[in-house]
Structure formats: structure tokens, C-alpha cells
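Colleague: Just dropping this structure here.
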Amino acid sequence: MTTHPTGPPTTGASVPSQPERRRWWHAFLPPAEPVTLFPPPAPPVPSTVTFRHDVPQPILVPAWGDAFDFRLHAVYTWTAQNMAYEELRLRAERHLAWAGGIVRDRAVDLARQYEPHRSHDLERALNDRLTGQRWPREGSQPHFWVQVRVSPDERVRERLRPYWEERIKLECDHELQKIRAQQADELTRRWCTVLQSLEDDPVTAHAARLTGEQFAEVFRRYVQERRETVPDLVALLREAVRGHGDLGMGPSEYTEAWDAAIRTYERRHGLSDRVN
């Protein structure tokens, strides 16, 4: 051991300096992470809150003549920015009378231009006037838009009921008659085609019995009536042919035309052997 004249005794090991002691402790700590600079947060985007208020109590405005009233059923749409829904609803309900007054002021003069039973026409015109408008136009929130449904006075509705009942009945009867006429026309055309095609077949009188007694009887009468009327027509044509020469009514071609008509009818109805 060596004795230092001015200090404590020392050994052969040296004492680490202060900077070396700090580096020794850093070996047991995690490495430092680099510092990243972030931009400041963006301001929050305003959120829109909407409340739809369908008012059950109608607004009354006079119709043309002031004897009856139109009933306006208003539907308000309230909007606000960054406002709780309940707060918006409470504000809308507090401003209901004010909003109703605005609607009535916009409607009263227009309603007097329409007859008491023209509620649909007033509804269309009034909504055209209110479209695109909001209140209050400037300043504080919330704002509202409005759309209306218009119904007539109850007394007018009672007067209109018999008119519409009769009109509905007439239109239904008209449609029913059209359907019946269309079906009758279609059925007549089909039976006409059937009868004409069967008439030229010599075996149809017997075959008709296979389709039912009613059809067979109708077909028999149809053929009989046709055969009874044709001889009278043939007789008239023969008289015209015979009298043509006596009366001097024209060239011989006219007589030949009548004779050709007679032969055509005789062949078609099987009367060549029956008519002299």
C-alpha cells in the first residue's frame, strides 16, 4: 500500500471518472427514439342536426268567398350546426307558433284565390311558393323549411261525397260496359267464323249435334233462315233479268252480270235444283 501525503490511501485499481460512470448506466437503458413533429390538429367539421316536426294541429286559412276554410297541415324540417338533438327539438317546439304565423302569412292571400273544393290546386301552388325558402333568413340558428298538405273544410267534404260516389259509379259502369262490349264483339266474331265455315260443309248438320243440343238447334235455324231468304232474292234477280230486255235498260252485259249473280247464290246455298 502506498501512502499519499495529502490524501487517503489508494490501491492499484483506478476510480472511473464521472463521464465514464454515465456511459456505464446508459448501457442498461433503451435507446432514445427520434422525435417526430406532427402538424396541429384540424378544426372539427361542423355536424348538422335535423329534426322533422309533423304538426297535428292544422292552420286555417279562408277560401274564396270566406265561407269555408282550408286546413293546412305543416311539416317543418329544422336544422342546426353543432347542437344536440334534444336541444334542437326543444327550440323547434318553442318556436312553433312563430313558424305557424309565417306559413299562414304566406298562404292567406293565395288561399282566397281558390274555391273551397280546390284544395289540391292550392296545395300545389303553396308548395311552389315555399320551396327553397328557410326561416330565419339570416342570423341565429336553428332554421326551418316547411311543406304543407291542404285539405278542404269538413262541410265541403260532405258536399263532395255524393258527387264522387256518383262519379265513381258512372266510371265503374262505363268500364264494365266496355268489357262486355269487347267480349261480345270477340265472341260474335268467333261464332261468325265458325258458322260460315260449317255452313259450306254438307256434313255439318249432323256433326253439329255432337257439340250439344243448344248449338245444334241454333245452327239448324241459322241454315234454315239463310236458305229461306235466298230463294226470294233469286226470284227478284230472275225477274230483273227477264224484264231487262222488255224495258231496254242497257247492253247485254248488264243481263249477264245479273245472271252470274244468280248462279253464284245458287251454288253457294245448294239451290241449283230447287229454284227454276
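Colleague: Restricting to segment 73-95, name every residue that is part of a helix (DSSP H, G or I), surrounded by 15 or more Cβ atoms within 10 Å (Cβ to Cβ) and among the hydrophobic types (A, V, I, L, M, F, W, C).
Modeller: Within segment 73-95, Leu88, Ala92 meet the criteria.
Here's the yes/no breakdown for (1) among the hydroxyl-bearing types (Ser, Thr, Tyr); (2) modelled with pLDDT under 75; (3) in the same structural domain as Tyr114 (by the TED database):
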{"residue": "Gln141", "(1), (2), (3)": "no, no, yes"}
{"residue": "Trp164", "(1), (2), (3)": "no, no, no"}
{"residue": "Glu175", "(1), (2), (3)": "no, no, no"}
{"residue": "Asp185", "(1), (2), (3)": "no, no, no"}
{"residue": "Ala208", "(1), (2), (3)": "no, yes, no"}
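Colleague: Oh, and also: Just need a number here: residues in segment 49-82 that are of a type outside the set (D, E, K, R) and over 12 Å from His143 (Cα atoms). Steps first, answer last, please.
Modeller: Taking segment 49-82 as the starting set, the residues that turn out to be of a type outside the set (D, E, K, R) are 49-51, 53, 55-65, 67-68, 70, 72-82.
Remaining after also requiring over 12 Å from His143 (Cα atoms): 53, 55-65, 67-68, 70, 72-75, 82.
Count: 20.
Colleague: In the set Arg104, Arg124, which member is modelled with pLDDT of 95 or more, of a type in the set (D, E, K, R), within 30 Å of Pro162 (Cα to Cα) and open to solvent by 60 Å² or more (accessible area, probe 1.4 Å)?
Modeller: On the way: Arg104 fails: within 30 Å of Pro162 (Cα to Cα).
It is Arg124.
The values are calculated or read from the model by the stated rules, or taken from the named source; none is laboratory data. Note that the structure is a prediction, hence the values are computed from the model and not measured. We place every Cβ from the backbone using ideal geometry, glycine too, and count neighbours over all the protein chains shown. Side chains are part of the model used for accessible areas, which takes the heavy atoms of the whole protein and leaves out ligands, DNA and RNA. Shrake-Rupley method; radii C 1.70, N 1.55, O 1.52, S 1.80 Å.
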